[in-house]
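Only one structure is covered here, and it is reproduced in the block below.
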Amino acid sequence: MMPVLDIQGLTVDFSTTEGIHYVLKNVDLNVNKGEIVGLIGESGSGKSTLAMTVLDINSRNRKRSGSIRFMNEELINAGTQRMRELRGRHIGFVPQSSMNALNPLVRVSKQFTETIKDHINMPAQQMLELTEKTLEMVAIDPSRVNSFPYEFSGGQRQRIMIALSMLLSPKLIIADEPTTALDATVQSKIIDLLKEVVEQKHTSMLVISHDLHTISRICDRIYIMYAGRIVETGSTEQIMHHSEHPYTQKLLASRLPLMSEHVKVKGISGKPPSTLMEYSRCEFLERCDRASVICKTKRPPECIDNVRVACHLGEGT
Ligand SMILES: Nc1ncnc2c1ncn2[C@@H]1O[C@H](COP(=O)(O)OP(=O)(O)OP(=O)(O)O)[C@@H](O)[C@H]1O
Ligand SMILES: [Mg+2]
């Protein structure tokens, strides 16, 4: 089966006055038709950079190499015009902190119809109908279509952004931290909504989060990212119940069970490495309590082809 999104060997760095930030390192990741794929990692691991590089909205000072195929089309050499066509029409995007991404001074109806106009010629009445129908899908009362964004709650605005991302039935939706900054009950509803959207719109989704526990229940497969690399990948079952990378295991242990009242992220001790350095050893070495001699001398394998775990543990077993 042809993947909807097929990223291979994606390497991204940014040159700044401080030096070069090495942000993504040889990343392989794919999303198949109808799948919901999770991309999980700590703050600063490179998740949003991956999303923005696919959409090509972070090109300033950026150097990238590798391959990004969307529906078999190579996006690395696609021009700005082609990327503009794809964004919003074929690839939907729910940006991080998106509940604040709507223009507060422009009515919701107008923000939706502008998006349609950017891509498709449609009579005004039909644009309104499509907008109302899409708002209904995310449980926003369509009679409020002419309200301003500030008249909605944060959770409602997040729903509106999800509606906007799926408005033109894209083949792929990239949702960057769609539930962060929402309280636990609303979070849970948004997660369910994402699954409904994928099923009803026959689309595929890459969903980004720092919280493995919250997102896992809707994911078919998961990629774990650490310091710009994929360190483990597998089915949700493999990741949640048979993880092998010490980082994944720490992520899993770093939070109380989902159902507990006061869900609190404990975090993992130690800090992720600086993006200003190129590492010849495993980036997780300093924080790993299972490291052995080989970790100090040899880089671990990379999550490419059939390698699921970027760790010396389990090699040769
Ligand atoms: N244009 C840029 N110039 C310099 N550094 C950048 C640039 N874009 C991203 N970075 C750096 O890349 C790293 C990864 O950032 P990114 O936003 O992708 O992380 P993230 O995983 O999405 O984190 P969070 O969970 O906090 O959203 C950070 O150290 C960030 O400062
Ligand atoms: Mg981010």
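Things to note:
- Amide H contacts under 5 Å for Y226, placed H, 5+ residues apart: V231
- Interatomic Cα distance distribution for segment 170-234, bins of 5 angstrom, percent: 4, 15, 29, 24, 17, 10, 1
- Size check on the chain: the Cα extents along the three principal axes, sorted descending, read 68, 49, 43 Å.
- Shape category assigned to segment 1-59 from the gyration tensor of Cα positions, a/c cut at 1.5: prolate
- For segment 161-317: span of alpha carbons on each principal axis (Å, largest first): 51, 37, 34
- Cα-based radius of gyration for segment 71-111, normalised by 2.2 N^0.38 Å, reads 1.51.
- Diffusion coefficient, µm² s⁻¹, Stokes-Einstein with Kirkwood Rh over alpha-carbon pairs of segment 94-242 at 4 °C and 1.567 mPa s: 80 µm²/s
- Cα pair distances exceeding 17 angstrom across segment 85-173, given as percent: 42 percent
- Percent of beta bridges antiparallel (DSSP, the chain, rounded to nearest 5): 60 percent
- 5 Å-binned pair-distance histogram of segment 1-142 (Cα, whole percent): 2, 8, 15, 18, 18, 15, 12, 8, 4, 1, 0
- Rounded to the nearest 20, the Cβ-based charge dipole of the chain about its Cα centre (Lys and Arg +1, Asp and Glu -1) stands at 480 debye.
- Per-residue ellipticity at 222 nm computed for the chain from its helices equals -9000 deg cm²/dmol, with DSSP H segments shorter than 4 residues left out and the rest contributing -39,500 (n - 2.57).
No lab work stands behind these numbers, since they all come straight from the coordinates. Remember, predicted model here, so these are calculated numbers, not experimental data. Methodologically, a virtual Cβ is constructed for each residue, glycine included, from the backbone with ideal geometry; neighbour enumeration extends over all protein chains shown.
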